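Data block below; observations after.
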Amino acid sequence: MSYTPEMVAAIQSAEPLTFEKAQEIASSDAFVRAGKSQRSVIAKAKSLGVAYIPKAKPAKRPTEETKSDLVDRIAVALGSDSSDLAGLSKATTAALLAVLERVSP
């Protein structure tokens with residue numbers, strides 16, 4: 001079933017469309033009866049030229065310290081240069097944290 005003028009108006013009135021608004025629209029009676037999913041609502045909004053603000057994507061990498069940061073901190077705790085400890089970067093993060101815990105004052 002295609003979109004009715006009322007459905008199109010509902011999408012256009014939600015501009016700028018967000019992920020949450022698309023979910024809300026797709027769960028309304030008219031859209032459920034027509035079998036329109038959230039994805040379909042977003043696609044229709046884009047085809048109508050309605051601005052869509054996508055949901056923020058999670059960071060691919062956690063913002064925790066990197067292994068090189070841990071090696072640098074271990075070097076500081078030992079009063080050494082981090083280049084002297086370059087081989088430590090191949091150790092696991094858990095091992096580096098354990099070493100850092102034992103050498104830190």
Tally of residues being exposed (fewer than 15 other Cβ atoms within 10 Å of the Cβ) and out of contact with any strand residue (DSSP E or B) (no Cβ under 8 Å at 6 or more places or on another chain) across the range 38-50: 5
The helices (runs of 4 or more DSSP H) lying wholly within the range 1-95 that contain at least 2 residues that are more than 30 Å from Pro105 (Cβ to Cβ) are 5-13, 19-26, 29-34, 38-48
Among what's in the range 81-105 and is surrounded by 12 or more Cβ atoms within 10 Å (Cβ to Cβ) and among the hydroxyl-bearing types (Ser, Thr, Tyr), pick the residue that is modelled with the highest pLDDT. Thr93
Does Ala75 satisfy the condition of being among the hydrophobic types (A, V, I, L, M, F, W, C) and free of Cβ contacts under 8 Å to residues at least 24 places away in the same chain? yes
Residue selected from the range 1-29 under the condition of a type in the set (A, V, I, L, M, F, W, C) and exposed (fewer than 12 other Cβ atoms within 10 Å of the Cβ), by the criterion nearest to Ser40 (Cα to Cα): Met1
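The values are calculated or read from the model by the stated rules, or taken from the named source; none is laboratory data. Just so it is clear, the structure is predicted and the values come from calculations on it, not from any experiment. Glycine also receives a Cβ, built like all others from the backbone with ideal geometry; neighbour counts cover every protein chain displayed.
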